[in-house]
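Quick note: the coordinates plus some simple rules give every number you see, no bench work behind them. Worth saying up front: this structure is predicted, and the values here are computed from it rather than measured. Neighbour counts run over all protein chains shown; Cβ positions are idealised from the backbone, glycine included.
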Amino acid sequence: MNSKLERPVQWYPGHMAKGMRRIREYLRSIDIVVEVVDARIVRSGRNPLLDDLAGTRTRLVALDRNDLADPATTQHWVRQLSLRGWTAVAVDGRNARSVARIAAAIRRSRGEKIAGIARAMIVGIPNSGKSSIVNALLRRAAAKTEARAGVTKHVTWFRLDGNVELMDTPGILPTRIPSAGAQWKLAVCGAVPAERYDAQEVATAFHRWLLARAPRSTVPDLHAFAAARGFVRRGGERDYHNAAHSYIRAFNEGAFGRISLEAPDDTEAA
Ligand SMILES: Nc1nc2c(ncn2[C@@H]2O[C@H](COP(=O)(O)OP(=O)(O)OP(=O)(O)O)[C@@H](O)[C@H]2O)c(=O)[nH]1
Ligand SMILES: [Mg+2]
């Protein structure tokens, strides 16, 4: 099931290396690290390097895209992360009310500093929803957001109020994505730009995984999807290239239902 992809997925452009340096530089002044993780890929969608950075600081894990993930699986993840001593909250990062618990945790992180400012660094892999959460916290469209990986290229400070500052950061992937499983999962969830992977391979790997897990799933495979949506080239041939990109978009718009690709008790290697 986790056979290698013909075109392995890998992406570590210069802005990530630079972003990582900036994050290290600013770390000293940070009270709380908020790691934004796509709730559908809580294992593959976390960067161990960002994990190490937080050290002993207060940390909050925001499981974003709660609306697209399987609710029971997300609750399992929240419990599992809390066993590690972290606060985990499931959120829809586009919604101000949903992110209120993040604001509360940031305020609390000021801890003993009587009059100081609480500084939160928002980190995560590309397209996980960091800038959306910044905007939802600020209640205005201050940071640029878009449905593609690599939108934020520089670290940027925002002031929430007199007591709280937020730092939005560029999404950072591991320098090497470890397994074919992690590669297609990151691709299908939008953590790498569309031109960095073969969409047909990724859509096929997703559906193969789905069938192995839920043999009676009614989610169409790429062929059925392309036929149903009329993806044909001039001459009558099926246009699987465009169909595959549309298939991945449909998955990310929730057209196939709420699907988590990873659970805490998975036995398969990612
Ligand atoms: N369905 C859904 N979409 C979300 C959620 N949060 C963010 N998005 C969408 O996900 C896309 C990416 O959001 P961004 O906030 O730009 O992600 P980012 O982590 O800042 O991305 P980079 O700056 O590229 O690393 C946007 O289209 C958002 O509208 C969510 O909870 N649910
Ligand atoms: Mg961003």
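Return the total of residues in region 134-183 being without any contact (Cβ under 8 Å) to a residue 12 or more places away in the chain, in contact with a strand residue (DSSP E or B) (Cβ under 7 Å, 6 or more places away or on another chain) and within 12 Å of ligand 1 (Cβ to nearest atom). Within region 134-183, residues that are without any contact (Cβ under 8 Å) to a residue 12 or more places away in the chain, in contact with a strand residue (DSSP E or B) (Cβ under 7 Å, 6 or more places away or on another chain) and within 12 Å of ligand 1 (Cβ to nearest atom) number 0.
Considering ALA39, ALA90, ALA72, the condition of being over 21 Å from ALA136 (Cβ atoms) and either aliphatic (A, V, I, L, M) or surrounded by 15 or more Cβ atoms within 10 Å (Cβ to Cβ) (or both) is satisfied by ALA72 alone.
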